[in-house]
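Structure first, commentary second.
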Amino acid sequence: MPSSEIPSSTTGVVERPGARLAYDIAGTGSGPVVVLTHGMLSSCANADELHLGMGGLAGDDLEVVRYDARGHGRSTGEADPATYTWSELAGDLLAVVDEVSPGAPVDGIGASMGSASLLTAATRAPERFRRLVVLIAPTIWDSRIPQVDGYREMRDAADEHGEAAFDVVLRSAPMPELFAGTDVHMASQVGPGLLPAVLEGAARSDLPPREAIAALPHEVLLLSWAGDPTHPVSSGELLAELIPTARLHVAETLDEVDRWPELVR
């Protein structure tokens, strides 16, 4: 959980207003740097458990940077919802990019909240990215309206019953259909006292306007999985329609998800 102390095993730290972002670097590639950002309530470590960590991507030809979003995992944060909106998280991502690849654009990979942060950052500073990989895009635009109520209900539950009780409920919540028969479950990686702010930040968030997304100049790979209303295939389909260079792949099974690193390569 986040604290003022970053574990010594961390490769580096990016200082941000109200947060310290812990990151790791794997691989020694001479090609473009890859920066990966995870989903809400998750962390770099938890992303691996959810099959979204892009394990094995790093190597002699690729250097992969993974960081914990503010208030998640090893990174610190403050209890201010405004700091957890996608717009603010996009600023964090750009700060990490400037830290690890100051002289060249990176290849960006984002999952869920991280994919929204990535797309937002790419509209703000397109020159800082070479290619984009969007993993399980969340609800966006019209489909996000009912999701907002759900986030605020979760925020209120965390406030009323405490974060430990919320985590018990989260662990028992249904997973996407393709995880049926596995022991994979969600577990909050958000730091003590920060969960209501994180959830309210999500409720206040959405992607930039459609025209800004449609104007992205990057090659974009969209990877969605079926049977998950929080990350509907329709979001991937809409992004694929809007972005001229985008390609969409939809996984129906966990085996297909585990082949995503090959598609990313």
Go through Leu194, Gly91, Ser115 and say which Cα lies farthest out towards the positive end of the charge dipole of the chain; charges sit on Cβ, +1 for Lys and Arg, -1 for Asp and Glu.
Gly91
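Using only the Cα atoms of segment 1-135, build the gyration tensor, take square roots of its eigenvalues as a ≥ b ≥ c, and label the shape rounded, prolate or oblate: rounded if a/c is under 1.5, else prolate if a/b is larger than b/c, else oblate. Working shown, then result.
On the way: a/c = 1.44, a/b = 1.21, b/c = 1.19.
The shape class here is rounded.
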Per-residue ellipticity at 222 nm attributable to helices in the chain (runs of n ≥ 4 DSSP H, -39500 (n - 2.57) apiece, nearest 500 deg cm²/dmol) works out to -10000 deg cm²/dmol
The computed P(r) of segment 140-249 puts the percent of Cα pairs beyond 24 Å at 39 percent
Relative contact order for segment 110-265 using alpha-carbon pairs under 8 Å, separation at least 6, rounded to a whole percent?
30 percent
The chain - charge dipole about Cα centre, Lys and Arg +1 at Cβ, Asp and Glu -1, debye rounded to 20
520 debye
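First check a/c for segment 120-163, with a ≥ b ≥ c the square roots of the eigenvalues of its C-alpha gyration tensor; if it is under 1.5, answer rounded, and if not, answer prolate when a/b is larger than b/c or oblate otherwise.
It comes out prolate by the Cα gyration axes.
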Accessible area per residue of segment 48-108 at 1.4 Å probe, in Å²?
33 Å²
Give the residue from Gly162, Leu221, Val33 lying farthest towards the positive end of the charge dipole for the chain; charges sit on Cβ (+1 for Lys and Arg, -1 for Asp and Glu) and the dipole is referred to the Cα centre.
Val33
What number, in percent, do you get for the relative contact order of segment 31-73 if the mean sequence gap of Cα pairs under 8 Å and at least 6 apart is divided by its residue count?
56 percent
How high is the relative contact order of the chain, in percent, counting Cα pairs under 8 Å that sit 6 or more residues apart?
21 percent
Please calculate how many Å² of accessible area segment 129-261 carries per residue, with a 1.4 Å probe and no DNA, RNA or ligand atoms counted.
47 Å²
Pulled fully out, how much extra length does the chain show between Thr11 and Ser30, if you take 0.36 nm times their separation in residues and subtract their Cα-Cα distance?
5.0 nm
Cα shape, segment 159-222, gyration tensor, a/c 1.5 rule:
oblate
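What's the extension gain from Asp258 to Ala125 if we count 0.36 nm per residue and subtract their Cα-Cα distance?
On the way: separation 133, 0.36 × 133 = 47.88 nm, distance 3.06 nm.
This chain segment gains 44.8 nm when fully extended.
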Considering only protein heavy atoms, with the full assembly of protein chains and a 1.4 angstrom probe, order Arg70, Arg130, Arg204 by accessible area, largest first.
Arg204, Arg130, Arg70
With all protein chains present, the chain has a carbon and sulfur share of its accessible area (1.4 Å probe) in percent of 52 percent
Share of antiparallel DSSP beta bridges in the chain, in percent to the nearest 5?
30 percent
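The values are calculated or read from the model by the stated rules, or taken from the named source; none is laboratory data. Remember, it's a predicted structure, so these values are computed and weren't measured experimentally. Ideal geometry is used to build each Cβ from the backbone, glycine not excepted, and the neighbour counts take in all protein chains shown. The protein model used for the area step is the full one, side chains on, heavy atoms only, and it has no ligands, DNA or RNA in it. Shrake-Rupley method; radii C 1.70, N 1.55, O 1.52, S 1.80 Å.
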